[in-house]
Each structure stands twice: as structure tokens, then as C-alpha cells.
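Single-structure report; data block below.
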Amino acid sequence: IVVVDAFVANPKTTISHWQETDPSATYSAGWSQASSDISWSGSGVSTPPDLPLTAQETSTAGATVTLPFRGSSISWIGYKGPDGGIATVQIDGGTPVEVDTYSPAIKVQEALFTASGLSDANHTLTITATGNKNAASSASRIAVDAFDVMTAAVRVEEYDSSISYTGFWDRNTARVFSEGAAVRAQNAGASVTFT
């Protein structure tokens, strides 16, 4: 099966929404998959053998997630709640910024940390669970739901008039595609041209 979700071309900026399962993300020991009873950004959808999209969570002090990215801005999308803990976030190994994820009410798909004004170059984001918590919190839970990365590009969706298709292509909404859909072909000879 060949899938066309979108095309990205220079020179404008675009925000890419990367799920917690992005293959660039490296998790240390101590993380586990969050339950699907919360409205995480991926809503639990998947196509085997991909993992269902929920979130990764930990309460283990020192547990880290590292994400290399290229772009001028990045946001950590996560969870705040009555059991939220404290994490530190670093860009390129710089000074750690403390992020308290406690909230009396549950909030999901929240931008917990944003670094902007970065050079449009390769960077690394590191989130570390401290094992500490706000005095009002019942636990030290840290959740990684997704990342929003701004890059110097423009996204052109699969339905744009600059794209032409030959052969049979059908619409697919069964995964977390950009804008919720993509087209796919599985017959020999089907082609797509993007100008």
C-alpha cells in the first residue's frame, strides 16, 4: 500500500504534530504506555503493527525522554492533573527549566513547555522526571502525549489542486494523518504528481 498524507515544501513555516511513538523519541527505563481512558491527542488509533497512540508516562525519578528535531520552535504536549509531578526540560543540554504539571482538574493535550526563537537547525529536547511534586499533588506523574515542531516549510495536503492522481486512490481516515485523512493506492500503476 502506498499512502499520500501531505507534502512539505520550503520556504514557509509549518507545525508538525509528532506523537509520543515517533521513532526519533528515545525513552529511558521507567516509562510505560498510558491508559486509553483519557482523550490523548492520538485518540488510541493505530494500524497494526503500529502501537496505539496514547501517551507515555512515568513517576520514576530520573526517567528521561530525548527527542532530536530540526526547527525553530518545539512544544511538549502533555497532561496536567491532581496527580501531576514536576519535570525539567532542556534544549540542547542547556539550563533545565522546571515544569510543574499539577492542576486540581485534569487537562490533556496541554502545551506544558514551549521553546521558540531557536535557530532553524538541529536541536535536542530532553524531558526528565524529577520524582518531585507540588505539595497539593497526590503523585509525581509525568506524561508525554506529543510534540509540536515548527519548521521552515509549508504543508500541502493530499487534496490540493497542485496534486494530480492517476489510477485508483481511496481515502483513509483510520490513522492520525494530518488534517485527519490521506489517500492510498495498492494497485500497480497508480501514481501521484506534486508540482
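The values are calculated or read from the model by the stated rules, or taken from the named source; none is laboratory data. Here the structure is a predicted model, which is why all the values come from computation and not from measurement. Backbone-built Cβ (ideal geometry, glycine too); neighbour counts: all protein chains shown. All accessible areas refer to the heavy atoms of the entire protein, side chains included, with ligands and DNA or RNA removed. Shrake-Rupley method; radii C 1.70, N 1.55, O 1.52, S 1.80 Å.
Any residue that is assigned to a strand (DSSP E or B) and either modelled with pLDDT under 95 or touching a helix residue (DSSP H, G or I) at 6+ places or on another chain (Cβ under 9 Å) (or both) - is there at least one of those in the stretch 40-51?
So in the stretch 40-51, the residues assigned to a strand (DSSP E or B) come out as none.
No, the stretch 40-51 has no match at all.
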Selection count where residues are assigned to a strand (DSSP E or B) and touching a Lys or Arg at 6+ places or on another chain (Cβ under 7 Å), scope the stretch 124-152 | 1
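On the given criteria, is Glu179 within 22 Å of the chain's Cα centre (by Cα) and open to solvent by 40 Å² or more (accessible area, probe 1.4 Å)?
Details: within 22 Å of the chain's Cα centre (by Cα): yes; open to solvent by 40 Å² or more (accessible area, probe 1.4 Å): yes.
Considered against the rule, which asks whether it is within 22 Å of the chain's Cα centre (by Cα) and open to solvent by 40 Å² or more (accessible area, probe 1.4 Å), Glu179 comes out as yes.
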Could you grab me the full set of residues in the stretch 152-195 that are touching a residue at least 24 places away in the same chain (Cβ under 8 Å) and among the basic types (Lys, Arg)?
-> Arg155, Arg175, Arg184
Cβ pairs under 7 Å, 6+ apart, first in the stretch 126-139 and closer than 13 Å to Gly81 by Cα, second open to solvent by less than 30 Å² (accessible area, probe 1.4 Å) and in a loop (DSSP other than H, G, I, E, B) | Lys133/Gly85; Lys133/Ser140; Ser137/Gly85; Ala139/Gly85
Test Glu98 against the stated conditions and say whether it is buried (at least 19 other Cβ atoms within 10 Å of the Cβ) and in contact with a strand residue (DSSP E or B) (Cβ under 7 Å, 6 or more places away or on another chain).
-> no
Say we look at the stretch 153-173 and pick out the residues that are open to solvent by 50 Å² or more (accessible area, probe 1.4 Å), farther than 23 Å from Ala188 by Cβ and part of a loop (DSSP other than H, G, I, E, B); which of these is modelled with the lowest pLDDT?
-> Thr173
Does Thr126 qualify as being of a type in the set (Ser, Thr, Tyr), open to solvent by less than 60 Å² (accessible area, probe 1.4 Å), under 19 Å from Ala25 (Cβ atoms) and at pLDDT 95 or above?
-> yes
Please verify whether the stretch 101-120 includes one or more residues that are more than 24 Å from Trp40 (Cβ to Cβ) and surrounded by 12 or more Cβ atoms within 10 Å (Cβ to Cβ).
-> yes
Evaluation of Leu67 against (1) of a type outside the set (Ser, Thr, Tyr); (2) modelled with pLDDT of 95 or more; (3) exposed (fewer than 14 other Cβ atoms within 10 Å of the Cβ); (4) in a strand (DSSP E or B) (one fails), failing number = (3)
(1) at pLDDT 95 or above; (2) open to solvent by less than 10 Å² (accessible area, probe 1.4 Å) all hold for Pro82 apart from (2)
